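**Student:** First the structure, then my questions, so here it is.
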Amino acid sequence: MDTALQSKAYTGNDRLLFGIIMGVIAFWLFAQTTLNIAPDMSRDLGMTASMMNAAVAVTSLFSGIFIVVMGGLADRVGRLKITRIGFYLNIAGSLLVALTPQGQLAAPFMLLGRALQGLSAACIMPASLALVKAFWDGPGRQRAISMWSIGSWGGSGLCALFGGLMSQHFGWRSIFWVGIAVSVLGLWLMHGAPESRAETRGEYRFDLAGVLTFMVAMVALQVLVTQGNQLGWASPLGLGLLAVTGVFGWLFFRIERKASNAFFDFSLFRNPTYTGATISNFLINGTAGTLIVSLQLVQLGGGMNAQQAGFLTLGYAVAIIAFIRVGEKLLQRFGPRKPMIWGCLITGLAILMVAPAHLLLSDYKILASMGYALFGVGLAFYATPSTDAALSNLPAAQTGSGSGIYKMASSLGAAFGVAISAAIFTALSGDSASMNWLEGVISFSGRQDNLAVREAAIVALGFNVLMVVIAILAIMLTVPKGEKAQA
């Protein structure tokens, strides 16, 4: 039987659905635990804070670089095949992370393992969602998409708490051994499902030049952001990385503007609504930097362990799952503009509530717990309206490309938000001179031996607030008022 006809005749079942969800949580619930357990991993392996921050961010970076490519490839060669490849990559990446030795080999093992986890996410996210759309219809599809969304959003909300609990009681390596078991379970649950491909015409030509130039530019920029403080921003190596970013970024732009098989369609950005939604999506996902800064603050500056820090985010996990359908209802009533702005405002308020590192730890924990709950509410309000604003007005022929670039913005936003926030925090917290920055402006209660860490957190979290402000401006300038945005 022809693959396309076979997939049409097949109706998805719960076994396949839960197999797909295993792949989603392999990234969001397991790989993303590093946002909280990074201090534990760094101490155990003897890695510098800046190198550990690079390892945390590289997963989202590689996911963002390749998610559009792997989504298009899945349509051509088979969505089930690419999803399985994603599982295998996660097994390999998790194995490298779990077996990372102490000493000189720690950084290569960790960085390669985390990069493979990012490639895994780039395979699984678009291919698994395409499987949901191919194998389920009507109310069944809505249920399947909701389950898929709960796996991703719920996993992102629970990862800090889950990682802290696992690290405290079983050691941080146990997280990645369990992640391997989850991937094996997912492969078993998906066994027996027929292949699914898009009905495409013409010969597929892989955009090798575009992908390579984009990857070189993004990796060089990531290395510069995460390692610039150690390398020296004005050092020959620092300036060289900046030059590589600029040159390869320019080459990427030139290649993609002319290529007939470009994986990045710049013509999409002629639509101002799509442009504003994608830019704000990049920036709001960048506020993932709030997590790594605030969780490291209470561990490095407050003496809390990863489990205690993770409990502060419990409200985030509950709120984002509970309110994500509210964002959908707000979209239906007000259109995308208002709930997108409301979501950003709530997210900004949440970050401000997490920022007062000058308080006593007992007071800060209460405020941070409330802030994280609001953080989940804000993201939940923003998510569905933003996606609708980005994709609803695109021509049918550009929906696939548009959704891929929109998801790329999510991953790259998280990668660079975490990298820049962590770089600011690490640079300032290790500089005792930074304690003079806020002297006379803010009075710090309690301990006075951790002022550099506390001030560094305030500055780094302020950067996250700035991203929210820019996101709101982008929405106000591009997304029209009314229930339906006009292309």
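**Student:** Considering only the stretch 43-79, state which residues are buried (at least 24 other Cβ atoms within 10 Å of the Cβ) and over 20 Å from the mean Cα position of the chain (by Cα).
**Tutor:** A74, R79
**Student:** Let me ask something else. Mind counting the residues in the stretch 14-67 that are within 15 Å of V223 (Cβ to Cβ) and not in a helix (DSSP H, G or I)?
**Tutor:** The number of residues fulfilling the criteria is 1.
**Student:** Then there is this: Among residues belonging to the stretch 290-340 that are hydroxyl-bearing (S, T, Y) and assigned to a helix (DSSP H, G or I), point out the one that is surrounded by the most Cβ atoms within 10 Å (Cβ to Cβ).
**Tutor:** S294
Yes/no per residue for (1) within 25 Å of M70 (Cβ to Cβ); (2) free of Cβ contacts under 8 Å to residues at least 60 places away in the same chain:
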site: D207; (1), (2): yes, no
site: F214; (1), (2): yes, no
site: V225; (1), (2): yes, no
site: L239; (1), (2): no, yes
site: L251; (1), (2): yes, yes
site: A262; (1), (2): yes, yes
site: T273; (1), (2): no, no
site: S280; (1), (2): yes, no
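**Student:** With respect to L345, is the statement that it is modelled with pLDDT of 90 or more, more than 17 Å from G446 (Cα to Cα) and not small (G, A, S) true?
**Tutor:** Values: modelled with pLDDT of 90 or more: yes; more than 17 Å from G446 (Cα to Cα): yes; not small (G, A, S): yes.
It is true that L345 is modelled with pLDDT of 90 or more, more than 17 Å from G446 (Cα to Cα) and not small (G, A, S).
**Student:** Under the condition of being among the β-branched types (V, I, T) and surrounded by 24 or more Cβ atoms within 10 Å (Cβ to Cβ), which residue from the stretch 347-378 is farthest from the chain's Cα centre (by Cα)?
**Tutor:** V354
**Student:** Can you spot a residue in the stretch 115-135 that is basic (K, R) and at pLDDT 85 or above?
**Tutor:** So far as the stretch 115-135 goes, no, none of its residues is basic (K, R) and at pLDDT 85 or above.
**Student:** In the set L312, L297, L291, L330, which member is hydrophobic (A, V, I, L, M, F, W, C), touching a residue at least 24 places away in the same chain (Cβ under 8 Å) and farther than 24 Å from L461 by Cβ?
**Tutor:** L330
**Student:** Of the residues N53, N13, N36, only one is over 30 Å from N305 (Cβ atoms) and either among the polar types (S, T, N, Q) or assigned by TED's automatic domain parsing to the domain that holds A422 (or both); which?
**Tutor:** Of the residues listed, the single one that is over 30 Å from N305 (Cβ atoms) and either among the polar types (S, T, N, Q) or assigned by TED's automatic domain parsing to the domain that holds A422 (or both) is N13.
**Student:** For the structure I just gave you, tell me whether I150 is in contact with a helix residue (DSSP H, G or I) (Cβ under 7 Å, 6 or more places away or on another chain), in a helix (DSSP H, G or I) and surrounded by 24 or more Cβ atoms within 10 Å (Cβ to Cβ).
**Tutor:** No; evaluated as a whole, the condition is false for this residue.
**Student:** Something else now. Here's a check for you: in the stretch 234-258, which residue that is small (G, A, S) and touching a helix residue (DSSP H, G or I) at 6+ places or on another chain (Cβ under 6 Å) is modelled with the highest pLDDT?
**Tutor:** It comes out as G249.
**Student:** Condition first: β-branched (V, I, T) and within 19 Å of D265 (Cα to Cα). Now tell me which residues in the stretch 49-67 satisfy that.
**Tutor:** Listed by number, the residues that qualify are I65, I67.
**Student:** Which of the following residues is closer than 22 Å to I91 by Cβ and either surrounded by 24 or more Cβ atoms within 10 Å (Cβ to Cβ) or assigned by TED's automatic domain parsing to the domain that holds L251 (or both): M125, M215?
**Tutor:** When all the criteria are applied, what remains is M125.
**Student:** Let me ask something else. For the stretch 421-441, give me each residue that is surrounded by fewer than 21 Cβ atoms within 10 Å (Cβ to Cβ) and at pLDDT 80 or above.
**Tutor:** A427
The values are calculated or read from the model by the stated rules, or taken from the named source; none is laboratory data. Note that the structure is predicted; figures quoted are calculated from it, not measured. Using ideal geometry, Cβ is built from the backbone for each residue, glycine included, and neighbour counts are taken over all protein chains shown.
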